[in-house]
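Undergrad: First the structure, which I've put down as C-alpha coordinates, then a few questions once you've had a look.
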Amino acid sequence: MRFVYLDNNATTPLHEDVIASMNEALALYGNASSMHAFGRDAAFKIEEARSAVADVIGAPSGSIVFTSGASEANNTVFNIFRERIDLGSKRNRIITTEIEHPSIIETVAYLRGRGYRIDLCPVDNTGRVRLDVLERLLAEDVALVSVMFGNNEIGTIQPIKEIVEMAHKVGAYVHSDATQAIGKIEVSMKELGLDYLSLSAHKFYGPKGVGALAVAKGAPFTPYIHGGHQESGRRAGTYNTVAIIGMGVAAGIAKRDRKDEEQRLWKMREMLRKGIIERIPNVVINGNQEHCLPGTLDVSFPHAEGESILLYLDLEGIQVSTGSACASGSLEPSYVLLSSGVDIELAHGSIRFSFGRYNTEDDVAYVLEKLPPIIKRLREMSAL
Ligand code: PMP
(Lines give C-alpha, C1' and ligand atoms only; values in the text may rest on other atoms or scores of the structure.)
Protein backbone atom coordinates (compact mmCIF):
# COMPACT_ATOMS: atom_id res chain seq x y z
CA MET A 1 0.00 0.00 0.00
CA ARG A 2 1.19 3.49 -0.75
CA PHE A 3 1.76 5.74 2.26
CA VAL A 4 1.75 9.52 2.09
CA TYR A 5 2.72 11.03 5.42
CA LEU A 6 1.34 14.55 5.67
CA ASP A 7 1.47 14.96 9.43
CA ASN A 8 4.94 16.46 9.77
CA ASN A 9 3.75 19.13 12.21
CA ALA A 10 2.85 16.32 14.63
CA THR A 11 6.29 14.80 14.24
CA THR A 12 8.87 14.05 11.57
CA PRO A 13 10.77 10.87 10.73
CA LEU A 14 14.44 10.70 11.70
CA HIS A 15 16.89 11.84 9.02
CA GLU A 16 19.25 9.02 8.00
CA ASP A 17 22.30 11.02 9.16
CA VAL A 18 20.61 11.51 12.52
CA ILE A 19 20.04 7.76 12.80
CA ALA A 20 23.69 7.09 11.93
CA SER A 21 24.93 9.60 14.51
CA MET A 22 22.68 8.15 17.18
CA ASN A 23 23.71 4.58 16.40
CA GLU A 24 27.31 5.61 16.84
CA ALA A 25 26.50 7.54 20.00
CA LEU A 26 25.03 4.43 21.65
CA ALA A 27 28.60 3.32 22.32
CA LEU A 28 29.40 6.55 24.18
CA TYR A 29 28.17 5.31 27.51
CA GLY A 30 30.23 7.59 29.70
CA ASN A 31 28.28 10.01 31.86
CA ALA A 32 28.98 13.41 30.32
CA SER A 33 29.45 14.83 33.82
CA SER A 34 32.27 12.40 34.66
CA MET A 35 35.77 13.82 34.61
CA HIS A 36 37.45 10.77 33.09
CA ALA A 37 38.06 10.13 29.39
CA PHE A 38 34.72 8.40 28.70
CA GLY A 39 32.86 11.23 30.36
CA ARG A 40 34.87 13.81 28.47
CA ASP A 41 34.13 12.07 25.13
CA ALA A 42 30.40 12.32 25.77
CA ALA A 43 30.70 15.90 27.01
CA PHE A 44 32.66 16.89 23.91
CA LYS A 45 29.91 15.54 21.63
CA ILE A 46 27.24 17.31 23.67
CA GLU A 47 29.06 20.61 23.29
CA GLU A 48 29.27 20.04 19.53
CA ALA A 49 25.51 19.50 19.49
CA ARG A 50 25.01 22.63 21.59
CA SER A 51 26.84 24.77 19.01
CA ALA A 52 24.81 23.29 16.16
CA VAL A 53 21.53 23.94 17.98
CA ALA A 54 22.63 27.48 18.85
CA ASP A 55 23.59 28.07 15.23
CA VAL A 56 20.23 27.09 13.81
CA ILE A 57 18.49 29.75 15.91
CA GLY A 58 21.14 32.45 15.67
CA ALA A 59 22.08 32.36 19.35
CA PRO A 60 25.33 31.85 21.26
CA SER A 61 26.07 28.31 22.44
CA GLY A 62 25.99 29.34 26.08
CA SER A 63 22.33 30.25 25.77
CA ILE A 64 21.21 26.67 25.10
CA VAL A 65 19.70 24.61 27.91
CA PHE A 66 18.83 21.10 26.76
CA THR A 67 15.42 19.87 27.90
CA SER A 68 13.13 16.92 27.26
CA GLY A 69 11.36 18.89 24.53
CA ALA A 70 9.48 22.08 23.86
CA SER A 71 6.79 21.36 26.47
CA GLU A 72 9.43 21.41 29.18
CA ALA A 73 11.12 24.47 27.66
CA ASN A 74 7.78 26.35 27.65
CA ASN A 75 6.98 25.29 31.21
CA THR A 76 10.46 26.36 32.33
CA VAL A 77 9.87 29.90 31.05
CA PHE A 78 6.52 30.26 32.80
CA ASN A 79 8.04 28.86 35.97
CA ILE A 80 10.80 31.50 35.94
CA PHE A 81 8.23 34.30 35.97
CA ARG A 82 5.93 32.57 38.40
CA GLU A 83 8.83 32.46 40.84
CA ARG A 84 9.63 36.14 40.34
CA ILE A 85 6.00 36.99 40.99
CA ASP A 86 6.03 34.77 44.11
CA LEU A 87 9.10 36.64 45.32
CA GLY A 88 7.14 39.90 45.12
CA SER A 89 8.14 41.38 41.77
CA LYS A 90 6.02 44.40 40.87
CA ARG A 91 5.87 43.04 37.37
CA ASN A 92 3.22 40.48 38.05
CA ARG A 93 1.35 40.07 34.79
CA ILE A 94 2.02 37.71 31.88
CA ILE A 95 0.66 38.07 28.36
CA THR A 96 0.36 35.23 25.89
CA THR A 97 -2.05 34.40 23.06
CA GLU A 98 -5.21 32.37 22.61
CA ILE A 99 -3.62 30.05 20.04
CA GLU A 100 -0.49 28.81 21.82
CA HIS A 101 0.34 25.12 22.05
CA PRO A 102 -1.36 23.26 24.96
CA SER A 103 1.95 23.24 26.88
CA ILE A 104 1.35 26.98 27.30
CA ILE A 105 -2.45 27.18 27.22
CA GLU A 106 -2.78 24.58 29.98
CA THR A 107 0.06 26.05 32.00
CA VAL A 108 -1.82 29.35 31.86
CA ALA A 109 -5.05 27.68 33.01
CA TYR A 110 -3.14 26.09 35.90
CA LEU A 111 -1.51 29.37 36.93
CA ARG A 112 -4.72 31.37 36.60
CA GLY A 113 -6.43 28.85 38.86
CA ARG A 114 -3.84 29.76 41.48
CA GLY A 115 -4.44 33.48 41.18
CA TYR A 116 -1.74 34.59 38.72
CA ARG A 117 -2.71 37.42 36.35
CA ILE A 118 -2.41 36.25 32.77
CA ASP A 119 -3.95 37.88 29.70
CA LEU A 120 -4.59 35.96 26.50
CA CYS A 121 -4.18 38.30 23.57
CA PRO A 122 -6.71 37.52 20.80
CA VAL A 123 -5.78 36.91 17.15
CA ASP A 124 -7.46 38.15 13.96
CA ASN A 125 -9.34 35.90 11.55
CA THR A 126 -6.09 34.73 9.98
CA GLY A 127 -4.54 33.82 13.32
CA ARG A 128 -2.23 36.88 13.57
CA VAL A 129 -1.87 38.47 16.99
CA ARG A 130 -4.02 41.61 17.35
CA LEU A 131 -1.19 44.11 17.85
CA ASP A 132 -3.71 46.83 18.71
CA VAL A 133 -4.96 44.75 21.63
CA LEU A 134 -1.43 43.79 22.64
CA GLU A 135 -0.52 47.48 22.72
CA ARG A 136 -3.38 48.13 25.17
CA LEU A 137 -2.45 45.15 27.33
CA LEU A 138 1.21 46.13 27.64
CA ALA A 139 2.14 48.16 30.71
CA GLU A 140 4.88 48.52 33.30
CA ASP A 141 3.46 45.63 35.32
CA VAL A 142 4.02 43.05 32.55
CA ALA A 143 6.82 40.60 33.28
CA LEU A 144 6.65 38.32 30.24
CA VAL A 145 5.11 38.22 26.78
CA SER A 146 5.04 34.78 25.18
CA VAL A 147 4.00 34.45 21.53
CA MET A 148 4.59 31.41 19.33
CA PHE A 149 6.57 31.81 16.11
CA GLY A 150 4.42 29.75 13.75
CA ASN A 151 1.21 28.00 14.67
CA ASN A 152 1.22 24.20 14.63
CA GLU A 153 -2.36 23.93 13.30
CA ILE A 154 -2.94 26.75 10.85
CA GLY A 155 0.68 27.71 10.22
CA THR A 156 0.22 31.44 10.83
CA ILE A 157 3.53 33.20 11.48
CA GLN A 158 3.52 36.02 14.03
CA PRO A 159 5.19 39.43 13.71
CA ILE A 160 7.73 38.52 16.40
CA LYS A 161 10.07 41.44 15.75
CA GLU A 162 7.31 44.01 16.28
CA ILE A 163 6.09 42.16 19.36
CA VAL A 164 9.61 42.15 20.85
CA GLU A 165 9.95 45.89 20.23
CA MET A 166 6.57 46.65 21.78
CA ALA A 167 7.20 44.48 24.84
CA HIS A 168 10.75 45.71 25.42
CA LYS A 169 9.47 49.30 25.41
CA VAL A 170 7.59 48.57 28.65
CA GLY A 171 10.47 46.48 30.04
CA ALA A 172 8.87 43.05 29.63
CA TYR A 173 10.82 39.96 28.58
CA VAL A 174 9.75 38.07 25.45
CA HIS A 175 9.57 34.34 24.79
CA SER A 176 8.69 32.60 21.54
CA ASP A 177 7.84 28.95 21.05
CA ALA A 178 9.59 28.41 17.73
CA THR A 179 9.01 24.65 17.66
CA GLN A 180 7.28 24.65 14.27
CA ALA A 181 9.57 27.17 12.60
CA ILE A 182 12.97 25.48 12.78
CA GLY A 183 14.26 24.27 9.43
CA LYS A 184 11.32 25.89 7.63
CA ILE A 185 11.79 29.64 7.95
CA GLU A 186 14.59 31.82 9.16
CA VAL A 187 14.81 32.14 12.93
CA SER A 188 17.40 34.40 14.48
CA MET A 189 17.06 34.99 18.16
CA LYS A 190 19.69 37.71 18.06
CA GLU A 191 18.17 39.58 15.14
CA LEU A 192 14.72 39.45 16.66
CA GLY A 193 15.98 40.43 20.11
CA LEU A 194 14.16 37.54 21.79
CA ASP A 195 14.92 36.75 25.42
CA TYR A 196 13.77 33.11 25.34
CA LEU A 197 13.09 30.64 22.57
CA SER A 198 11.81 27.02 22.72
CA LEU A 199 12.46 24.28 20.20
CA SER A 200 12.06 20.54 19.87
CA ALA A 201 14.19 18.06 17.88
CA HIS A 202 11.40 15.79 16.65
CA LYS A 203 9.90 18.55 14.51
CA PHE A 204 13.04 18.77 12.40
CA TYR A 205 13.99 15.14 11.79
CA GLY A 206 15.65 14.63 15.17
CA PRO A 207 14.63 12.30 17.99
CA LYS A 208 11.63 12.68 20.30
CA GLY A 209 12.13 13.54 23.95
CA VAL A 210 14.80 16.19 23.48
CA GLY A 211 14.61 19.91 22.89
CA ALA A 212 16.05 23.13 24.19
CA LEU A 213 15.33 26.45 25.72
CA ALA A 214 17.59 29.28 24.57
CA VAL A 215 18.03 32.00 27.16
CA ALA A 216 19.51 35.34 26.12
CA LYS A 217 22.30 36.83 28.22
CA GLY A 218 20.89 38.78 31.12
CA ALA A 219 17.42 37.22 30.98
CA PRO A 220 16.28 35.82 34.33
CA PHE A 221 16.57 32.08 34.87
CA THR A 222 15.46 29.60 37.50
CA PRO A 223 15.79 25.84 37.02
CA TYR A 224 12.55 23.96 36.60
CA ILE A 225 14.18 20.64 37.48
CA HIS A 226 16.50 20.75 40.49
CA GLY A 227 19.03 18.18 41.57
CA GLY A 228 22.28 18.40 39.68
CA HIS A 229 24.89 20.66 38.24
CA GLN A 230 24.23 19.72 34.61
CA GLU A 231 23.67 22.56 32.15
CA SER A 232 25.58 24.86 34.56
CA GLY A 233 22.94 24.22 37.19
CA ARG A 234 20.12 25.23 34.83
CA ARG A 235 18.56 21.79 34.26
CA ALA A 236 19.31 18.76 36.39
CA GLY A 237 19.40 15.17 35.16
CA THR A 238 21.97 12.92 33.53
CA TYR A 239 22.50 13.96 29.93
CA ASN A 240 20.52 12.09 27.30
CA THR A 241 23.70 11.87 25.23
CA VAL A 242 22.29 9.90 22.31
CA ALA A 243 19.27 12.17 21.83
CA ILE A 244 21.27 15.38 22.22
CA ILE A 245 23.80 14.21 19.62
CA GLY A 246 20.92 13.36 17.28
CA MET A 247 19.42 16.79 17.85
CA GLY A 248 22.74 18.44 17.02
CA VAL A 249 23.02 16.60 13.71
CA ALA A 250 19.37 17.42 12.90
CA ALA A 251 20.05 21.10 13.65
CA GLY A 252 23.04 21.12 11.29
CA ILE A 253 20.90 19.65 8.50
CA ALA A 254 18.07 22.11 9.24
CA LYS A 255 20.44 25.02 8.88
CA ARG A 256 22.10 23.65 5.75
CA ASP A 257 18.87 22.81 3.90
CA ARG A 258 16.50 25.46 5.22
CA LYS A 259 16.27 27.72 2.18
CA ASP A 260 15.72 24.88 -0.31
CA GLU A 261 13.23 23.20 1.99
CA GLU A 262 11.30 26.41 2.51
CA GLN A 263 10.75 26.69 -1.26
CA ARG A 264 9.99 23.01 -1.81
CA LEU A 265 7.48 22.89 1.05
CA TRP A 266 5.75 26.04 -0.12
CA LYS A 267 5.48 24.71 -3.67
CA MET A 268 3.84 21.45 -2.54
CA ARG A 269 1.50 23.30 -0.20
CA GLU A 270 0.44 25.65 -2.97
CA MET A 271 -0.09 22.77 -5.41
CA LEU A 272 -2.35 21.13 -2.87
CA ARG A 273 -4.21 24.33 -2.00
CA LYS A 274 -4.90 25.20 -5.63
CA GLY A 275 -5.74 21.59 -6.51
CA ILE A 276 -8.27 21.34 -3.69
CA ILE A 277 -9.93 24.62 -4.66
CA GLU A 278 -10.14 23.48 -8.30
CA ARG A 279 -11.50 20.04 -7.57
CA ILE A 280 -13.70 20.44 -4.50
CA PRO A 281 -16.49 23.02 -4.29
CA ASN A 282 -17.11 25.01 -1.14
CA VAL A 283 -13.87 24.76 0.84
CA VAL A 284 -12.35 27.27 3.24
CA ILE A 285 -8.59 27.69 3.61
CA ASN A 286 -7.74 28.61 7.20
CA GLY A 287 -4.90 30.74 8.55
CA ASN A 288 -2.91 33.55 7.00
CA GLN A 289 -2.02 32.93 3.37
CA GLU A 290 0.89 35.35 3.31
CA HIS A 291 2.50 34.83 6.71
CA CYS A 292 2.35 31.06 6.83
CA LEU A 293 4.69 28.17 7.60
CA PRO A 294 5.60 26.85 4.16
CA GLY A 295 4.48 23.24 4.68
CA THR A 296 1.21 23.78 6.52
CA LEU A 297 -2.23 23.81 4.90
CA ASP A 298 -5.39 23.77 7.00
CA VAL A 299 -8.66 23.37 5.14
CA SER A 300 -12.29 23.23 6.26
CA PHE A 301 -14.73 21.11 4.26
CA PRO A 302 -18.25 22.20 5.21
CA HIS A 303 -20.74 19.30 5.60
CA ALA A 304 -17.99 16.75 6.18
CA GLU A 305 -16.62 15.67 9.58
CA GLY A 306 -12.85 16.10 10.08
CA GLU A 307 -12.53 12.74 11.86
CA SER A 308 -14.34 10.92 9.04
CA ILE A 309 -12.15 12.57 6.41
CA LEU A 310 -9.06 11.58 8.39
CA LEU A 311 -10.18 7.95 8.65
CA TYR A 312 -11.10 7.65 4.97
CA LEU A 313 -7.77 9.21 3.97
CA ASP A 314 -6.01 6.78 6.30
CA LEU A 315 -7.65 3.87 4.43
CA GLU A 316 -5.91 5.22 1.33
CA GLY A 317 -2.57 5.46 3.16
CA ILE A 318 -2.72 9.24 3.56
CA GLN A 319 -1.91 10.46 7.04
CA VAL A 320 -3.17 13.84 8.16
CA SER A 321 -4.56 15.37 11.29
CA THR A 322 -7.64 17.21 12.47
CA GLY A 323 -6.65 20.15 14.61
CA SER A 324 -3.45 19.27 16.46
CA ALA A 325 -2.40 15.72 17.25
CA CYS A 326 -2.12 16.76 20.88
CA ALA A 327 -5.86 17.45 20.89
CA SER A 328 -6.93 14.37 18.99
CA GLY A 329 -8.85 11.90 21.04
CA SER A 330 -11.16 14.73 21.98
CA LEU A 331 -14.08 15.68 19.78
CA GLU A 332 -13.88 19.30 20.85
CA PRO A 333 -13.26 21.52 17.84
CA SER A 334 -9.84 23.13 17.71
CA TYR A 335 -9.49 26.19 19.97
CA VAL A 336 -6.99 27.61 17.48
CA LEU A 337 -9.60 27.62 14.72
CA LEU A 338 -12.33 28.97 17.00
CA SER A 339 -10.05 31.76 18.26
CA SER A 340 -9.24 32.72 14.69
CA GLY A 341 -12.90 33.21 13.93
CA VAL A 342 -13.68 29.91 12.17
CA ASP A 343 -17.25 28.93 12.96
CA ILE A 344 -17.86 25.78 14.92
CA GLU A 345 -19.25 23.72 12.05
CA LEU A 346 -16.29 24.59 9.83
CA ALA A 347 -13.89 23.87 12.68
CA HIS A 348 -15.40 20.36 12.96
CA GLY A 349 -14.71 19.75 9.29
CA SER A 350 -11.09 20.84 9.19
CA ILE A 351 -8.01 18.91 8.13
CA ARG A 352 -4.37 19.85 8.55
CA PHE A 353 -1.96 18.72 5.84
CA SER A 354 1.65 19.24 6.89
CA PHE A 355 4.49 18.56 4.49
CA GLY A 356 8.04 17.53 5.23
CA ARG A 357 11.34 16.80 3.52
CA TYR A 358 10.31 13.29 2.39
CA ASN A 359 7.19 14.45 0.52
CA THR A 360 7.18 14.87 -3.23
CA GLU A 361 4.87 16.44 -5.80
CA ASP A 362 3.66 12.90 -6.56
CA ASP A 363 2.28 12.80 -3.03
CA VAL A 364 0.25 15.92 -3.76
CA ALA A 365 -1.11 14.33 -6.95
CA TYR A 366 -2.07 11.21 -4.98
CA VAL A 367 -3.99 13.27 -2.40
CA LEU A 368 -5.70 15.24 -5.16
CA GLU A 369 -6.86 11.95 -6.68
CA LYS A 370 -8.13 10.40 -3.42
CA LEU A 371 -9.56 13.36 -1.52
CA PRO A 372 -12.36 14.68 -3.80
CA PRO A 373 -14.39 11.42 -3.90
CA ILE A 374 -14.05 11.11 -0.09
CA ILE A 375 -15.45 14.60 0.47
CA LYS A 376 -18.22 13.97 -2.08
CA ARG A 377 -19.27 10.72 -0.37
CA LEU A 378 -19.21 12.25 3.12
CA ARG A 379 -21.24 15.24 1.97
CA GLU A 380 -23.81 12.95 0.39
CA MET A 381 -24.04 10.97 3.62
CA SER A 382 -24.40 14.16 5.65
CA ALA A 383 -27.19 15.40 3.31
CA LEU A 384 -29.07 12.16 4.05
N1 PMP B 1 4.99 23.80 20.82
C2 PMP B 1 4.52 23.58 19.60
C3 PMP B 1 4.16 24.74 18.72
C4 PMP B 1 4.38 22.27 19.13
O5 PMP B 1 3.91 22.05 17.91
C6 PMP B 1 4.75 21.19 19.99
C7 PMP B 1 4.61 19.76 19.55
N8 PMP B 1 3.31 19.41 19.14
C9 PMP B 1 5.23 21.50 21.27
C10 PMP B 1 5.35 22.81 21.65
C11 PMP B 1 5.62 20.42 22.23
O12 PMP B 1 6.85 19.88 21.89
P13 PMP B 1 7.39 18.56 22.58
O14 PMP B 1 6.68 17.44 21.87
O15 PMP B 1 8.85 18.54 22.30
O16 PMP B 1 7.10 18.64 24.03
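Undergrad: Go through segment 152-207 and count every residue that is of a type in the set (A, V, I, L, M, F, W, C) and either modelled with pLDDT under 95 or out of contact with any strand residue (DSSP E or B) (no Cβ under 9 Å at 6 or more places or on another chain) (or both). Steps first, please.
TA: To start, the set of residues in segment 152-207 that are of a type in the set (A, V, I, L, M, F, W, C) comprises 154, 157, 160, 163-164, 166-167, 170, 172, 174, 178, 181-182, 185, 187, 189, 192, 194, 197, 199, 201, 204.
Next, only the ones that are either modelled with pLDDT under 95 or out of contact with any strand residue (DSSP E or B) (no Cβ under 9 Å at 6 or more places or on another chain) (or both) stay: 204.
Residues that pass the stated criteria total 1.
Undergrad: Quick one: is ALA27 within 16 Å of the ligand (Cβ to nearest atom) and farther than 30 Å from VAL133 by Cα? Reasoning before the result, please.
TA: Details: within 16 Å of the ligand (Cβ to nearest atom): no; farther than 30 Å from VAL133 by Cα: yes.
Taking the combined requirement at face value, the residue does not satisfy it.
The rows are residues; the columns are (1) surrounded by fewer than 18 Cβ atoms within 10 Å (Cβ to Cβ); (2) more than 24 Å from PRO294 (Cα to Cα).
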{"site": "HIS202", "(1), (2)": "no, no"}
{"site": "ALA236", "(1), (2)": "yes, yes"}
{"site": "ASP260", "(1), (2)": "yes, no"}
{"site": "GLU278", "(1), (2)": "yes, no"}
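Undergrad: Condition first: among the basic types (Lys, Arg) and near the ligand (Cβ under 8 Å from one of its atoms). Can you find one or more residues in segment 189-200 that meet it?
TA: No, segment 189-200 has no match at all.
Undergrad: Here is a further query. Here is a list: ALA139, ALA167. Which entry is aliphatic (A, V, I, L, M) and either surrounded by fewer than 21 Cβ atoms within 10 Å (Cβ to Cβ) or within 13 Å of the ligand (Cβ to nearest atom) (or both)?
TA: Numbers: ALA167 fails: either surrounded by fewer than 21 Cβ atoms within 10 Å (Cβ to Cβ) or within 13 Å of the ligand (Cβ to nearest atom) (or both).
Result of the check over ALA139, ALA167: ALA139.
Undergrad: Name every residue in segment 108-145 that is touching a helix residue (DSSP H, G or I) at 6+ places or on another chain (Cβ under 8 Å) and over 16 Å from GLU165 (Cβ atoms), in order of residue number.
TA: Within segment 108-145, VAL108, LEU111, TYR116, ILE118, ASP119, LEU120, PRO122, VAL123, GLY127, ALA143 meet the criteria.
Undergrad: Which is within 11 Å of the ligand (Cβ to nearest atom) and within 29 Å of ARG256 (Cβ to Cβ), of LYS203, LYS184? Show your work before the answer.
TA: Values: LYS184 fails: within 11 Å of the ligand (Cβ to nearest atom).
Residue meeting the stated conditions: LYS203.
Undergrad: So, one more: Filter segment 56-99 down to the residues that are of a type in the set (Asp, Glu) and farther than 18 Å from SER200 by Cβ and list them by number.
TA: Hits for segment 56-99 are GLU83, ASP86, GLU98.
Residue-by-condition table, conditions (1) touching a residue at least 60 places away in the same chain (Cβ under 8 Å); (2) of a type in the set (D, E, K, R):
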site: ILE160; (1), (2): no, no
site: VAL170; (1), (2): no, no
site: LYS184; (1), (2): yes, yes
site: ASP195; (1), (2): no, yes
site: SER200; (1), (2): yes, no
site: GLY206; (1), (2): yes, no
site: VAL210; (1), (2): yes, no
site: ARG235; (1), (2): yes, yes
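Undergrad: Whether any residue in segment 133-155 is in a loop (DSSP other than H, G, I, E, B), over 19 Å from the mean Cα position of the chain (by Cα) and under 23 Å from SER340 (Cα atoms) is what I want to check.
TA: yes
Undergrad: Which residue is nearest to the ligand (Cβ to nearest atom), if the candidates are limited to segment 86-114 and must be in contact (Cβ under 8 Å) with a residue 40 or more places away in the chain and touching a Lys or Arg at 6+ places or on another chain (Cβ under 8 Å)?
TA: The residue in question is ILE94.
The values are calculated or read from the model by the stated rules, or taken from the named source; none is laboratory data. Given the structure is predicted, the values throughout are model-derived calculations rather than measurements. Heads up, the Cβs are rebuilt from the backbone with ideal geometry, glycines too, and the neighbour counts pull from every protein chain shown.
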